[in-house]
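This report concerns only the one structure given below.
The values are calculated or read from the model by the stated rules, or taken from the named source; none is laboratory data. On a predicted model such as this, the values are computed, not experimentally measured, just so you know. Because the Cβ atoms are built from the backbone with ideal geometry, glycine has one as well, and the counts that use them run over all protein chains shown. Please note that ligands, DNA and RNA were not included when accessible areas were found on the heavy atoms of the full protein model with its side chains. Shrake-Rupley method; radii C 1.70, N 1.55, O 1.52, S 1.80 Å.
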Amino acid sequence: SLQTAIDGQSTPFSDTKHGRGLPSFLTAHANVNPNTPIESSWAAIQVGVAKLTSIALACAGKFPGGIIFPLFFAAAPIANAICLFLSQHLDIQVNSLAVMALMASTQASVTRTPLATVLMLTLSASPDTELSKMLPCVILSSYLGVFSSRYL
């Protein structure tokens, strides 16, 4: 679920609409437990790099399918790692708004579709998300991602 990616798995997968009613034997033998939070910023970085690598391999191998939602899921652990690192060293709280901003800028810089990125994140946000706080940040970060990717 996108909500578990945004908050660093603080919301257990079993509490999301996709995980409700899911038998526990399906996740019992998984290498990563989707119901526990990511322990450290190093673990979040590893998850994000592994996801970005798998996306790059799938795209290079002409694997059919999109990269839009995998980019969201790859950017979220990296943003969580940055927030966790900053919270350990600078007394800054981990903020789901910062995670969504990095998700938006990463996806918009690759696909060059800032408005579609904003709409997808808005429509897939949890009902608890305050859109009045999220929208300006996500709009700015998606457009900044597009403009900064021109120089990379």
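Miscellaneous remarks
- Measuring with a 1.4 angstrom probe and ignoring ligands and nucleic acids, LEU52 comes out at about 70 Å² accessible.
- Net length gained if the chain between LEU152 and LEU97 were fully extended (0.36 nm per residue, minus Cα distance): 17.3 nm
- Residue-level accessible surface for PHE69, protein heavy atoms, 1.4 Å, Å²: 100 Å²
- In this view, the solvent-accessible surface of ASP128, computed with a 1.4 Å probe and all protein chains in place, comes to about 140 Å².
- In terms of accessible area, using a 1.4 Å probe and ignoring ligands and nucleic acids, VAL99, VAL110 rank largest first as VAL110, VAL99.
- Computed from the C-beta positions of ARG112 and CYS59 and an R0 of 22 Å, the FRET efficiency is 0.90 to the nearest 0.05.
- Surface composition of the stretch 37-152: carbon and sulfur atoms hold 70% of the protein heavy-atom accessible area at a 1.4 Å probe.
- A compact globular protein would have a Cα radius of gyration near 2.2 N^0.38 Å; the ratio found for the stretch 54-152 is 1.11.
- Accessible surface calculations at 1.4 Å, restricted to protein heavy atoms, place the stretch 39-152 at 60 Å² per residue.
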